[in-house]
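The values are calculated or read from the model by the stated rules, or taken from the named source; none is laboratory data. Remember, it's a predicted structure, so these values are computed and weren't measured experimentally. Every residue, glycine among them, receives a Cβ derived from its backbone with ideal geometry; neighbour counts consider all protein chains shown.
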Amino acid sequence: MSTNIDSLQHETRRFAPSSEFSANAVATAEIYGRAASDPEEFWANQSRELLQWEKPFTRTLDWDNAPFAKWFSDGRLNVAYNCLDRHVDAGHGDRVAFHWEGEPGDSRTLTYADLTAEVKKAANVLTSLGIRSGDRVAIYLPMIPEAVISMLAVARIGAVHSVIFGGFSADSIRSRVDDANARLVITADGGWRKGKVSPLKPTVDDALAKEGDHSVQNVLVVRRGENAIEWTEGRDRWWHEEMATAETEHTAEAFDAEHPLFILYTSGTTGKPKGILHTSGGYLTQTAFTHKNVFDLKAETDVFWCTADVGWITGHSYVVYGPLANGATQVLYEGTPDAPHPGRWWEVIEKYKVSIFYTAPTAIRSFMKTGRSVPDGFDLSSIRLLGSVGEPINPEAWIWYRDVIGAGTAPIVDTWWQTETGAIMVSALPGITTAKPGSAQVAMPGITVDVLTDGGAPVGNGSGGLLVVTKPWPSMLRGIWGDPERFIETYWDKFDQPGATNRRMYFAGDGARLDEDGDIWLLGRVDDVMNVSGHRLSTAEIESSLVSHPIVAEAAVVGAHDDTTGQAVVAFVILRADQEDAQTPEEANGILRSHVSEQIGAIARPRQIFVVSELPKTRSGKIMRRLLRDVAEGREVGDTTTLADTSVMQIISDKLHGTT
Ligand code: WT7
């Protein structure tokens, strides 16, 4: 292994939890030993403790038909009942479930009693529209309470939701509706985004107007944007009209632990998105367990805010299912971080006294770019714990997050997981782990991961390789909707070891390194690992080096074909606002090339650094390196339809042709 992949190792700062935090923490160190001695028994106990089963399970894990797992398979429960009624029954009906804040500043408070009442009515509406257990319902809504109410109402009647992020196009809606044969679409006229109403129902109309038959019988429309929309008589129904006449009582029926809960589409290495399938009992167990222990939840006093949209797995697991199963009080915010002003998020934290805040590194870096004066204008003293998710967090962003948002004291949990894993798999536990900026660190209690060579041998401490999960876990995906072969090929064939006791291992698609302590450092997707002159280099690592330089706000690195070295490092950087005029692109190029060379080694020095004003990102904030690779290799730029802003590539190309 080259020294390059090891260079995050040079990050030597350590942050131990304060004795006060540790003394009051939910999780205590003995939990690791307890989980390791019998992981299945550990999960069974967690499940019994955290959830209410209508029929208790007697069998914990059934792995006979690996890689198709069954957890708690003879038990029965209702997921929505576990998130709602039981908290009301336990006397917590008056506890706030959501402080909802609309982008224009309107707000709503829903207690657990309110939310339960809404979900019961919505469940009756769904039933009156002919939706039955097992039917698929597509949800295309902004971040309004009805998004959560819809998901829980679908779950309550045993139907299966497929939430489609509100930024997706008509084509994406249609392909998802078709793939799952959805009978109903729940949408809104529009939602607020960046100071104006962004229409949604017209996009659903377009999706359903496309060529060919579709499975949708009704479209249920929430009124939010009050924008003008067209109406298809017989098919379209107003949410508020249906809710006004709906029965208020609804008894939640229990379903099997393995009853499907939702499908969520995520992109794979091929063009066609994969419908990741999650089921009920195991998923709810692990989302509840991780939410409680990773975020040190004290349900009576904490205010939790996960900024993710419910259209992504993070929103499913840490806005809806985990927090509500734990009876948490949350903030739900409709809009973007910077509308109507750049301090909007910090204002929301101040207003609702958010104590636990969970967001993505890309957001943190964009706040770094605008500077600390914005958050410094708000009272963030309620914050006691910070979380990060979605991509490796570079140490500079980690330190900024802790210092500026966490007052220099809040522990940070960097949580590694995926749509497929359903819940957090690798993270520090805040009262226990001494934090290392940039490292996701340790597997959750009850989870076993390893880092392997391409040939399947453990790399051991001090080396890098491929991250695998070595044993089945409760919230694991149960398959790809309608495509069992692709499920096996994508995740299980790579490290299939016939003859081994646990022959099937889950291939995550991420590169990782184990440090001398055995802590895990994520290095990005393996498709983003470059090979330069036979040396392995991580895009994440070079990006981390670039953004650690004071003139840089954001950076993306790709491996571009090079006749001599195989691949060469090409970087795209956005300079900090106050630096844009301080040096020419040529000067910045020189400064940064030597900076990377100094930090990591000459091998990592980018061949080229392009100073740009934007980076191409998907709507979930992931940088689309594939497109940058096209630019770096002088090719025509490929498919840009999944970009949040499709004009970005044009801006980059124009700029490069002007400067190079
Ligand atoms: C991929 C999964 C999990 C919810 C959001 C993304 C990357 C995620 C981390 C982290 C380094 C991370 C991985 C993973 N990733 N969290 N803390 N450190 N990388 O879900 O869209 O399914 O993406 O996101 O590459 O494979 P997703």
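The set of residues in the stretch 52-72 that are surrounded by fewer than 13 Cβ atoms within 10 Å (Cβ to Cβ) and assigned to a strand (DSSP E or B) contains only K55. Restricting the stretch 157-215 to residues that are of a type in the set (D, E, K, R) and assigned to a helix (DSSP H, G or I), the residue that is modelled with the lowest pLDDT is D171.
Those residues that are away from the ligand (no atom under 16 Å from the Cβ), farther than 13 Å from T641 by Cα and in a loop (DSSP other than H, G, I, E, B), I need them from the stretch 615-629; list them, please. Steps first, answer last, please.
At the first step, the residues of the stretch 615-629 found to be away from the ligand (no atom under 16 Å from the Cβ) are 615-616, 627-629.
Within this subset, residues satisfying the condition of being farther than 13 Å from T641 by Cα are 615, 628-629.
L615, the sole residue that qualifies.
I'd like to know if the stretch 319-327 contains one or more residues that are farther than 25 Å from M624 by Cα, outside any loop (DSSP other than H, G, I, E, B), within 14 Å of the ligand (Cβ to nearest atom) and in contact with a His (Cβ under 7 Å, 6 or more places away or on another chain). The answer is yes, given that some residue of the stretch 319-327 is farther than 25 Å from M624 by Cα, outside any loop (DSSP other than H, G, I, E, B), within 14 Å of the ligand (Cβ to nearest atom) and in contact with a His (Cβ under 7 Å, 6 or more places away or on another chain).
Taking into account only those residues within the stretch 579-596 that are modelled with pLDDT of 90 or more and of a type in the set (S, T, N, Q), which is surrounded by the fewest Cβ atoms within 10 Å (Cβ to Cβ)?
Just the residues of the stretch 579-596 that are modelled with pLDDT of 90 or more, to begin with: 587-595.
From what's left, of a type in the set (S, T, N, Q): 589, 594.
Working: N589: 19, S594: 12.
Taking the candidates together, the pick is S594.
Within the stretch 234-286, restricting attention to residues that are assigned to a strand (DSSP E or B), of a type in the set (S, T, Y) and farther than 27 Å from D114 by Cα, the residue that is modelled with the lowest pLDDT is T266.
When each of I349, I364 is tested for being of a type outside the set (D, E), crowded, with 17+ Cβ neighbours inside 10 Å, part of a helix (DSSP H, G or I) and within 16 Å of the ligand (Cβ to nearest atom), the lone residue that passes is I364.
Here's the yes/no breakdown for (1) in contact with a His (Cβ under 8 Å, 6 or more places away or on another chain); (2) β-branched (V, I, T); (3) within 26 Å of W312 (Cβ to Cβ):
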| residue | (1), (2), (3) |
| --- | --- |
| V160 | no, yes, yes |
| G166 | no, no, yes |
| A209 | no, no, no |
| H214 | no, no, yes |
| W231 | no, no, no |
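If the condition is being within 12 Å of the ligand (Cβ to nearest atom) and not charged (D, E, K, R), then the stretch 373-396 contributes G387, S388, V389, G390, P392, I393, N394. R402 passes every criterion in (1) modelled with pLDDT of 95 or more; (2) within 16 Å of the ligand (Cβ to nearest atom); (3) not in a helix (DSSP H, G or I) apart from (3).
Only residues that are assigned to a strand (DSSP E or B) and away from the ligand (no atom under 14 Å from the Cβ): list them for the stretch 438-450, please.
So the first thing to find is which residues in the stretch 438-450 are assigned to a strand (DSSP E or B), and the list is 441, 443, 449-450.
Of everything in the stretch 438-450, just one residue is assigned to a strand (DSSP E or B) and away from the ligand (no atom under 14 Å from the Cβ), namely D450.
When the residues of the stretch 488-527 are filtered to those that are assigned to a loop (DSSP other than H, G, I, E, B) and of a type in the set (A, V, I, L, M, F, W, C), which remaining residue is surrounded by the fewest Cβ atoms within 10 Å (Cβ to Cβ)? Please lay out each step first, then the result.
Within the stretch 488-527, the first condition is being assigned to a loop (DSSP other than H, G, I, E, B), and the residues that meet it are 492-495, 497-503, 505, 515-519.
Among the residues that remain, those that are also of a type in the set (A, V, I, L, M, F, W, C) are: 492, 495, 500, 505.
Working: W492: 17, F495: 20, A500: 11, M505: 24.
Step by step, filter the stretch 488-527, then rank; the result is A500.
E300 - would you say it is part of a loop (DSSP other than H, G, I, E, B), more than 14 Å from the ligand (Cβ to nearest atom) and under 18 Å from P474 (Cβ atoms)? When the stated conditions are applied, E300 does not pass them. The requirement of being more than 16 Å from the ligand (Cβ to nearest atom), surrounded by 22 or more Cβ atoms within 10 Å (Cβ to Cβ) and on the phi > 0 side of the Ramachandran plot is fulfilled nowhere in the stretch 330-341; no residue meets it. Would you check if R156 is more than 20 Å from the chain's Cα centre (by Cα), surrounded by fewer than 24 Cβ atoms within 10 Å (Cβ to Cβ) and of a type in the set (D, E, K, R)? No: the conditions fail for R156.
All conditions but one from (1) part of a helix (DSSP H, G or I); (2) closer than 28 Å to E41 by Cα; (3) among the acidic types (D, E) apply to E485; the one that does not is (2). Applying the set (1) more than 25 Å from Q599 (Cα to Cα); (2) more than 15 Å from the ligand (Cβ to nearest atom); (3) without any contact (Cβ under 8 Å) to a residue 40 or more places away in the chain to T370 leaves exactly one unmet item: (3). For the stretch 451-466, filtering for residues that are away from the ligand (no atom under 13 Å from the Cβ), in contact with a strand residue (DSSP E or B) (Cβ under 8 Å, 6 or more places away or on another chain) and in contact (Cβ under 8 Å) with a residue 24 or more places away in the chain leaves 9.
Summed over the stretch 414-437, the residues that are within 9 Å of the ligand (Cβ to nearest atom), assigned to a loop (DSSP other than H, G, I, E, B) and within 14 Å of L523 (Cα to Cα) give a count of 1.
In the stretch 24-51, how many are crowded, with 16+ Cβ neighbours inside 10 Å, assigned to a loop (DSSP other than H, G, I, E, B) and touching a helix residue (DSSP H, G or I) at 6+ places or on another chain (Cβ under 7 Å)? Looking only at that region, the number is 2.
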